[in-house]
1. Would the chain count as rounded, prolate or oblate if I go by the C-alpha gyration tensor, calling it rounded below 1.5 in a/c and otherwise prolate when a/b exceeds b/c, oblate otherwise?
2. Find how much the distance from Ala299 to Ala164 grows on full extension, using 0.36 nm per residue of separation minus their present alpha carbon separation; answer in nm with one decimal.
3. Assuming a ≥ b ≥ c are the square roots of the Cα gyration tensor eigenvalues, decide whether region 241-332 counts as rounded (a/c under 1.5), prolate (otherwise, with a/b larger than b/c) or oblate.
4. Read phi for every residue in region 252-266 and hand back ³J(HN,Hα) as whole Hz from Karplus 6.51 cos²θ - 1.76 cosθ + 1.60, θ = phi - 60°, with x for Gly and Pro.
5. With springs only between Cα atoms under 10 Å, which of Tyr154, Tyr208, Tyr168 fluctuates most in a Gaussian network model of the chain?
6. 5 Å is the cut-off here: which amide hydrogens, built 1.01 Å from N in the peptide plane, fall below it relative to Cys244, excluding neighbours closer than 5 in sequence?
7. Could you work out which residue, out of Asn180, Asn149, Asn302, moves most in a Gaussian network model of the chain, that is, has the largest mean-square fluctuation with Cα springs under 10 Å?
8. What FRET efficiency comes out for the pair Arg313/Asp94, r = Cβ-Cβ distance, R0 = 22 Å, nearest 0.05?
Amino acid sequence: MPKVLISGASGFIAGHCILEMLSHGYEVRGTLRDSARGEAIKAILADYTDRIDALEFVSADLMNEASWVEAARGCDSILHVASPVPVVQPEDEDDVIVPAKTGTINVLKAATASGIKRVVLTSSVAAVTSGSRDSGTFTDQDWTDLSRNDLSPYVKSKTVAERAAWEYAKQHDLELVAINPALVLGPALEADYGSSLEALYLLMRGSYPILPKLGFEIVDVRDVAILHRLVLETPEAAGNRYMCANGFRWFVDIAKTIKTEHPRLKIPTQEMPNLVAKIAGVFLKEIKQFLPDLGRVKAIDNSPALAIGWQPRDADIAIRDGAQSLIDLKVV
Ligand code: NAP
């Protein structure tokens, strides 16, 4: 069976990618920064697959070029998912930009060295939606403008890394495909649930009494994983970016969806005036990074993904199943 290398195997999205690839007959090699975590992660994933023996782990760090050459040897393709995803943005933006970019180039160089033709890069709508327009519908033609002075380190890191990947692919005749997910929700596989379910966690814990008028395009993590497989298996996907989202929701809508399912939880459903949010952003780094998007609808055109057979579930399912998983895993 073809063997696929999946970077960042300890992560939320990569875990679902591993399960998706195993369920379609692939051999999977996952990379971990800390290989001591391999057995524990295997034990978690074993609950969701009967092909756990087709999964192996190797050690690799984004900043260590040699580790990727070793990891890629004998693989047929790569899903490069790993990248720093900080909940709170670092003081020094290079803490995320450098590993994101260097790691991506290291992975692509390893693909070239191993004769691997196709690499799927997990980019983000962060690399798409902060360009010359601040609202509207964004497509694969849109790029975040790195000359803007309101970009968070994470947004810059995803933009710089994806740009570098396309440049490398052009020079080295590599079949690169980028997937640009919006906010990824859906079920966590383990209690150490990663960064993107943090928004649900904070809502469900009632951490904020009222909610900023922020909205996000949402996608279910299981559909993100399916799209990774689809673009790997679709010859004409090479060279394309696939926007990966399926519905815009305001924060308050997300809260109401969870509240309907779990009325006993003290979930806020009141919206904060934008002025108050701006003041809160001065004190709270978690809010500050989102201030440029206050009150803005940034919709995503997912039609290229639909055209290759992607059938994403509704955003409300991603919200509901993500929330339920945090309860089942006793996180909330
Ligand atoms: P996650 O759960 O935090 O996973 C990130 C993964 O990257 C972890 O496995 C982490 O390994 C690994 N990583 C970070 N720095 C590394 C380094 N220096 N060397 C090796 N591995 C490193 O986040 P996620 O939500 O699954 O995100 C996965 C990818 O999807 C990222 O590229 C992210 O930008 C992208 N994405 C996510 C969302 C979202 O809403 N979640 C939306 C759009 C795009 P450790 O466990 O060792 O830290």
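1. Here the chain falls in the prolate category.
2. 46.1 nm
3. Because a/c hits 1.5 or more and a/b fails to exceed b/c, region 241-332 counts as oblate.
4. 5, 5, 4, 4, 5, 4, 6, 4, 4, 6, 10, x, 6, 6, 7
5. Most flexible of the set in this elastic network: Tyr208.
6. Asn180, Ala182
7. The residue with the greatest mean-square fluctuation here is Asn149.
8. Here the calculated transfer efficiency is 0.05.
Every number in this text was worked out from the coordinates using simple rules, so none of it is lab data. The model shown is predicted, which means the values in this text are computed figures rather than measured ones. For neighbour counting, all protein chains shown are included, and Cβ atoms are generated from backbone atoms with ideal geometry for every residue, glycine included.
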